[in-house]
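The values are calculated or read from the model by the stated rules, or taken from the named source; none is laboratory data. Note that the coordinates shown come from a computational prediction; the quantities given were computed from them, not determined experimentally. Cβ coordinates were reconstructed from backbone atoms using ideal geometry, including for glycine residues, and neighbour counts include every protein chain displayed. Please note that ligands, DNA and RNA were not included when accessible areas were found on the heavy atoms of the full protein model with its side chains. Shrake-Rupley method; radii C 1.70, N 1.55, O 1.52, S 1.80 Å.
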Amino acid sequence: MCLSEDKYILLPSLREGQGGGSAIMIKLQNIKKVFRTDVVETTALGGITLEVKDGEFVAIMGPSGCGKSTLLNILGLLDNPTEGEYWLDGKEVGHLKERQRTFTRRGEIGFVFQSFNLIDELTVEANIELPLKYLGVPAKERKERVEEIMRRMAISHRAQHYPQQLSGGQQQRVAIARAVVVKPKLVLADEPTGNLDTKNGKEVMDLLTQLNAEGTTVVMVTHSQHDASFASRTINLLDGMVVEKTLL
Amino acid sequence: MHPFAKGQGAFIKITSLTVGLTVGLVLLAKVQLERSYDRCIVDKEHVYELQETFQRAGEELQQHSATSGGIAPVLAQEIPEVVTATRYTAQFGDEKLTLEDGSRHSFEEAVFADSCFFNIFATRTLLGDAKQILSTAGQCMISRRLSEKIGGEVVGQTFCFASAPQKPMTICGVYEDYPENSTFARFDILMSMPSVGTYAWDGTANLIGNDRYHSYVRLRPDADMDMVRGEVKELLQRILPWNDLKQVGYTDAGIEMVSVTGQRMKDTTVRTTCIILAVVALVMLFTAVMNYILVVISSLVGRARQVAVRKVLGAPNREFFLGSIGEAALHLLAALILMTLLLYAGQDLTRDLLGVSVQALFSRQTFAVLLTVCLIVLLCCGILPGFIYSRIPLTYAYRLYSESKRVWKLSLLAFQFVLSTMLLCVLTTIYRQYSFMLHTDMGYQYDKVAYVNVSALHGDSIYSLAREIENLPCVERTAAAYSLFCNLQSGDNVLVPGNPQELFNCANMFFAEGGLVETMGLQIVRGRDFERLNHQGWQPEMLVDEHFAQKMKEVAGIDDVVGRQFINSSLGNQYPLTVVGVVKDFTLGSLVSREERPIMVVNGNVFTHYIMMKLQCVTPENITTVQQLCDRLYPDAELTVKLYSNEMADQYQETQRTRDLVMIGCIASLLITLIGLIGYVRDEVQRRSRELAIRKVIGATMSEVQLLFARSIAVIALPSIAVGVALGWYLSTLLMQQFAYKVALPWTVFAIDALFIILIIAAVVFIQTRRVANDNPVEYLKKE
């Protein structure tokens, strides 16, 4: 896999290796991830090179163990690559320290997980408010933004409920609300419909599509061809390598 | 349920129990020993100590815990309700005796006791006829331990005390040692009362004066105390020389009968120390039990499914209670074995700290109390976990145990925070008080002073040794003296020549030679220091303190005592003493037992027990130089050069012991609390790892994750610490009641204690949460 085979038009600045321009949200250059223990060394990503444009909706597909989640973790700045460069919105972020990664992640990236990952001890409202708190948004503004996003996600009536009192679909809507309340440039979704029934799954995909339509870049890992069909492009992984890109 | 199964915290449980039981049981045993003090007194509830009372015109009634020698026998003879009476008086202590064969043996205390001594203070007579021995001049009985120290056939052997080399005493009997928790534990030699005259002035038949005898009577069980007191008063009216007493200024005199039952615990120092030790002991035991239960709750995650499955299969709740008690019993047994090993290894330390041996602590007298405590610990550690197991829902047989039980755990931790803070506050107070006592200005300077006890020397040899020591380059000045400043002195009455009225009682230091002022750093306010005599002898002149001068002004209208003559009741009318100087007030005794009377000292180098010396500086080399000189000049006298500051420190030994015990309790309590806290945080980190990961994913930094934990602990820790400080302040106030001179208790000290505990808790929380806060959150999300 190499960049020359890419079917996308790259901005001149990226072609010249000067980092991302405004049109490129993500640029990965030969990203490798190797997990080492005392006895074994496992290559999860074998040298990924790809780009995602600002405002794009990309699906990442592949069989279990192909490196999808590892790639998503690197994209989400939850983990650093062993090798290679990662440019996010024009800034090289592949080798930041933990603290710098956290600050970059805040407000820039929203996460949606298959198992929702809401905090059980917090109400819906408090769950959604949490990233705004970490971002240092004043209380009044937090309240307004949380109310607004809950309205959009149609969960206002559940504001004071706890996650365990909600259905799967409602929980995922709360998770999406929490992901987008900071108005991130990039939303990373890890099999967002994996734990949902068809109806709720469709609602979630509609929400992601709507977010994308409003300008948010969405990268989604999925096993579902149906979900992938919502994306504008699919990247297929196999054994830690990009094997095919499909423009839909 | 395997009691030592992995993941069930058996190590932490046993460690906590070992630490808690070791400190707790030892301290409780000590308290129990104090409570059963003097159990050797026969028919204790009918035994009374005789204490003399006296009053001067315009002064309060004084009570003295001794009497003149003849009081007890007279009461036995004249009061029908008195079944038996006895008296004893101390004469020699902490010195050596020399047997005929020249061998020397140290002993603790030698007292004169009359033939009825064993009637009241019972112990077994191993050899000899006690009645006969204690009735015959020149005969004595010795304790079993001294007999074993001497070895061989002791009866019939004759010895001399080092301080009375020409006065032989014959060993005629051996008695069983008194228990360690008795007034008589230190008694190694009981000399017959008729021997008093050989060693001291014989006041055994006196009804007034020479009041050095500890006197006791046992009454008939049916005696009416009011009637007995009336009879005693009537008797004293008949037999005391009232005209003489009134002539010297006394308006009243009497004998108070004080019950010996519970007498030990009436002593403020003993009672307060017991309260403190009991509190520390209970804190330790409570903390250990709390921690045990905390670990049980924390390890429920690993045990809940097993319990639930057993329940599903039909196990009754009784099984969990019994299993839990059995497990606790095994842990307790392991802790007791470890405790035994610890105490065996630390026997000397235990004796130093508590003043009693480990054998005495774990003896018949304490067995019942300690066994009861162990049973309570067993029940607490067994029943409560059993109750928790019995409440585990059956549903946990097929799903993961997720109950946080945070309220339980935090409540247990809160108790531990309270108790640790409380102990730290008490420790700080004791530490400050001890330091205050050691460094308070006593009115003289002793930091460079050393001394040597020269009781074993006589005549000119003391005088010449003092001069030889002074000639050493490392010594600035010396002074021979009858006693040390840190010892309490006997009293003498002071009179103006020609007037039989006794003006007041003062502490008489007897003789000290010129050089005392300089050696001890006293300050002459008026007049001059003694001129040193160039021979052995004394001069009829004295130094007094400002208190003496002031008192003389108040009672006799004498403005300036310098140059005036006074009579001292010990030396009598034939030796009027001229005051040559007044020194600035200084303290005799210590801050625990401080001399309040005016002070006088006579110029002379006779009856010298000590040579005091001011060193150029205190170094081991200088002490060795003086010691070598003493050894060279008097190789047989076994003289020992000691630092005066160590003697002062010994005056506060009880406070030091309390301080050390509370320190051990505090450290142990903190240790157990930290074990509990570490366990709690580890458990919470594990339980909340997913939540922490989520928080990190959505933007929380490492410090924010750590603060999250710190806040959850702070909610419980801060109020607990506040309560602990309040309790610590209360206990400190209680503790301070036993000291006449005490350190202030400013709030800032308690604030620092609180801050210290907060910092320790914060450090534990931050260190414990560091790993999870640093780890890749995805790892924790994957586990879900």
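A few notes on this one:
- Exercise: per-residue mean of other protein chain Cβ atoms within 10 Å, A:113-120: 4
- Residues whose amide H comes within less than 5 Å of that of A:G90, counting only those at least five positions distant or on another chain, are A:G20 (H built at 1.01 Å from N in the peptide plane).
- Folded to 0 to 90 degrees: helix B:747-774 orientation relative to chain B principal axis, Cα: 30 degrees
- Subset of B:K551/B:K584; A:K53/A:K185; B:K551/B:K614; B:K614/B:K642 violating a 20 Å alpha-carbon distance limit: B:K551/B:K614
- Candidate residues B:W201, B:W538, A:W87: accessible-area rank, largest first, probe 1.4 Å: B:W201, B:W538, A:W87
- Other-chain or far-sequence residues with amide H under 5 Å of A:V112's (modelled H): A:L188, A:A189, A:D190
- Modelled label positions at B:D636 and B:E148, each set 7 Å beyond Cα in the direction of Cβ, lie 3.1 nm from each other.
- Projected label points at B:H458 and B:T261, each 7 Å from Cα along the beta carbon direction, are separated by 5.0 nanometres.
- For region B:48-174, convex hull of alpha carbons as volume per residue, Å³: 143 Å³
- Taking amide H as placed 1.01 Å from N in the peptide plane, B:E95 has its amide H under 5 Å from the amide H of B:F107, each at least 5 places away in sequence or on another chain.
- Space enclosed by the convex hull of the alpha-carbon atoms of region B:107-234, per residue, Å³: 130 Å³
- Within region A:61-103, all pairs of alpha-carbon atoms sorted by distance into 5 Å bins from zero give the percentages 5, 23, 29, 22, 11, 7, 2.
- DSSP finds beta bridges in region B:441-589, and of those with both partners inside it, around 70 percent are antiparallel.
- Sorting B:R229, B:R711, B:R406 by solvent-accessible area of protein heavy atoms yields B:R711, B:R229, B:R406, largest first, with a 1.4 Å probe.
- Compared with the alpha-carbon gap, the fully stretched path from B:R271 to B:W242 is longer by 6.6 nm at 0.36 nm per residue.
- FRET E, pair B:D252, A:E98, Förster distance 60 Å, beta-carbon r, rounded to 0.05: 0.10
- Among the residues of A:73-79, the average count of other protein chain beta-carbon atoms within 10 Å of the residue beta-carbon is 3.
- The smallest convex shape that holds all Cα atoms of region B:20-59, its convex hull, gives 122 Å³ per residue.
- Short-range pairs are left out: with C-alpha atoms under 8 Å and at least six residues apart, the relative contact order of region B:83-151 is 28 percent.
- Between B:D94 and B:F11, the FRET efficiency from the beta-carbon distance, with R0 = 41 Å, is close to 0.30.
- Couplings 3J(HN,Hα) for region B:15-30, derived from phi with the Karplus relation 6.51 cos²θ - 1.76 cosθ + 1.60 (θ = phi - 60°), are 4, 4, 5, 4, 4, x, 5, 4, 5, x, 5, 4, 5, 5, 4, 4 Hz, where x marks Gly and Pro.
- Residue (of B:A66, B:G102, B:F11) at the positive-pole extreme of region B:1-119, dipole from beta-carbon charges: B:F11
- Annotation: extensible slack from B:R351 through B:N776 equals 147.6 nm (criterion: 0.36 nm per residue apart, minus Cα-Cα distance).
- Virtual spin-label span in nm between B:K44 and B:E596, 7 Å along Cα→Cβ: 3.0 nm
- Extension gain (nm, one decimal) between B:V407 and B:S435, 0.36 nm per residue minus Cα-Cα: 5.9 nm
- Diffusion coefficient, µm² s⁻¹, Stokes-Einstein with Kirkwood Rh over alpha-carbon pairs of region B:703-784 at 10 °C and 1.306 mPa s: 103 µm²/s
- Over the protein assembly as shown: Kirkwood hydrodynamic radius from C-alpha pairwise inverse distances, Å: 36.4 Å
- Other protein chain C-beta atoms within 10 Å of residue C-beta, averaged over B:688-696: 4.
- Note on A:E141/B:L759: beta-carbon distance plugged into 1/(1 + (r/R0)^6) with R0 of 35 Å gives a FRET efficiency of 0.45.
- Compared with the dominant principal axis of the Cα atoms in chain B, helix B:300-312 is inclined by about 60°.
- Put A:D227, B:D101 in order of accessible area, highest first, and with a 1.4 Å probe you get B:D101, A:D227.
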